[in-house]
Amino acid sequence: VEEKKIMLEKRKEIFDELIKNVMEYCIKFTDSDEYKNMFLRDFKEALKELKDAKNIEVILTSKDIGRFKKDILKICGDKKVEFLLDDNITGGFIINYKEGNMRIDMSMASRVINSRELIGEKLFEVLQ
């Protein structure tokens with residue numbers, strides 16, 4: 001029983017370290033051309049879900065506002081866009097459409113959080 005407890009604690013420790021490393025990779029990834037292409041592609045796709053929206057909030061990191069604000073305004077056309085800053089999202093974006101009671105979270109932080117189970121499964125396959 002004690003041996004199993006030690007193994008579980010070690011697995012959790014490895015898993016937590018892996019998640020931390022994935023987040024660090026995400027931070028570095030946000031400086032790449034691949035990230036820019038992914039960001040703009042994902043933003044265009046997300047906006048298709050909000051074709052009836054006239055007013056949206058777009059939450060970005062301070063770095064991404066500087067890089068993508070003009071592109072976002074161009075993609076949004078005649079929609080009214082309010083930009084909000086949140087450096088905790090690591091990268092990516094969150095779009096709030098209040099009238100439609102809708103939120104699209106394509107932030108890097110939420111992608112990692114939403115993938116924790118899959119990351120854990122893959123890790124434990126390797127550890128078996």
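The values are calculated or read from the model by the stated rules, or taken from the named source; none is laboratory data. Values in this document were obtained by computation on a predicted structure and should not be read as measured data. Neighbour counts run over all protein chains shown; Cβ positions are idealised from the backbone, glycine included. Protein only, heavy atoms only, side chains kept; ligands, DNA and RNA dropped before computing areas. Shrake-Rupley method; radii C 1.70, N 1.55, O 1.52, S 1.80 Å.
Search the range 98-114 for residues being open to solvent by 40 Å² or more (accessible area, probe 1.4 Å), without any contact (Cβ under 8 Å) to a residue 60 or more places away in the chain and not in a helix (DSSP H, G or I), and hand back the single one that is nearest to Asn37 (Cα to Cα).
It comes out as Asp105.
Can you tell me which residue is nearest to Ser32 (Cα to Cα) among those in the range 50-60 that are open to solvent by less than 10 Å² (accessible area, probe 1.4 Å) and at pLDDT 95 or above? Before you say what the answer is, go through the steps one by one.
Let us first name the residues in the range 50-60 that are open to solvent by less than 10 Å² (accessible area, probe 1.4 Å), namely 50, 53, 56, 58, 60.
Now narrow it down to the ones that are at pLDDT 95 or above: 56, 58, 60.
Working: Ile56: 27, Val58: 21, Leu60: 17 Å.
Ranking the qualifying residues of the range 50-60, first place goes to Leu60.
Within the range 79-97, how many residues turn out to be part of a loop (DSSP other than H, G, I, E, B) and within 11 Å of Ala53 (Cβ to Cβ)?
Residues of the range 79-97 that are part of a loop (DSSP other than H, G, I, E, B), as a first pass: 79, 86, 90-93.
Checking the rest, the ones that are also within 11 Å of Ala53 (Cβ to Cβ) come to 79.
The total comes to 1.
Can Leu47 be described as under 25 Å from Leu127 (Cβ atoms) and either open to solvent by 60 Å² or more (accessible area, probe 1.4 Å) or touching a residue at least 12 places away in the same chain (Cβ under 8 Å) (or both)?
Values: under 25 Å from Leu127 (Cβ atoms): no; either open to solvent by 60 Å² or more (accessible area, probe 1.4 Å) or touching a residue at least 12 places away in the same chain (Cβ under 8 Å) (or both): yes.
In short, no.
Of these, Ile72, Ile6, Ile19, which one is at pLDDT below 95, under 18 Å from the mean Cα position of the chain (by Cα) and assigned to a helix (DSSP H, G or I)? Step through it out loud before you land on a result.
On the way: Ile72 fails: at pLDDT below 95; Ile6 fails: under 18 Å from the mean Cα position of the chain (by Cα).
After ruling out the rest, the residue left standing is Ile19.
So which residues in the range 71-97 are open to solvent by less than 100 Å² (accessible area, probe 1.4 Å) and of a type in the set (S, T, N, Q)?
The initial filter retains those residues of the range 71-97 that are open to solvent by less than 100 Å² (accessible area, probe 1.4 Å), namely 71-73, 75-77, 79, 81-84, 86-87, 89-97.
Within the range 71-97, Thr90, Asn96 meet the criteria.
Residue under question is Glu125, and the condition is that it be among the acidic types (Asp, Glu) and loosely packed, with under 11 Cβ neighbours inside 10 Å; does it hold?
Working: among the acidic types (Asp, Glu): yes; loosely packed, with under 11 Cβ neighbours inside 10 Å: yes.
Against the criterion (among the acidic types (Asp, Glu) and loosely packed, with under 11 Cβ neighbours inside 10 Å), Glu125 qualifies.
Looking at (1) closer than 14 Å to Cys26 by Cβ; (2) in a helix (DSSP H, G or I); (3) in contact (Cβ under 8 Å) with a residue 12 or more places away in the chain, which is the one condition that is false for Phe124?
(1)
What do you reckon, is Glu34 more than 30 Å from Met7 (Cβ to Cβ), part of a strand (DSSP E or B), at pLDDT 90 or above and not basic (Lys, Arg)? Step through it out loud before you land on a result.
Numbers: more than 30 Å from Met7 (Cβ to Cβ): yes; part of a strand (DSSP E or B): no; at pLDDT 90 or above: yes; not basic (Lys, Arg): yes.
Taking the combined requirement at face value, the residue does not satisfy it.
Any idea which of (1) within 22 Å of Leu118 (Cα to Cα); (2) over 15 Å from the mean Cα position of the chain (by Cα); (3) surrounded by 11 or more Cβ atoms within 10 Å (Cβ to Cβ) is the one Glu13 doesn't satisfy?
(3)
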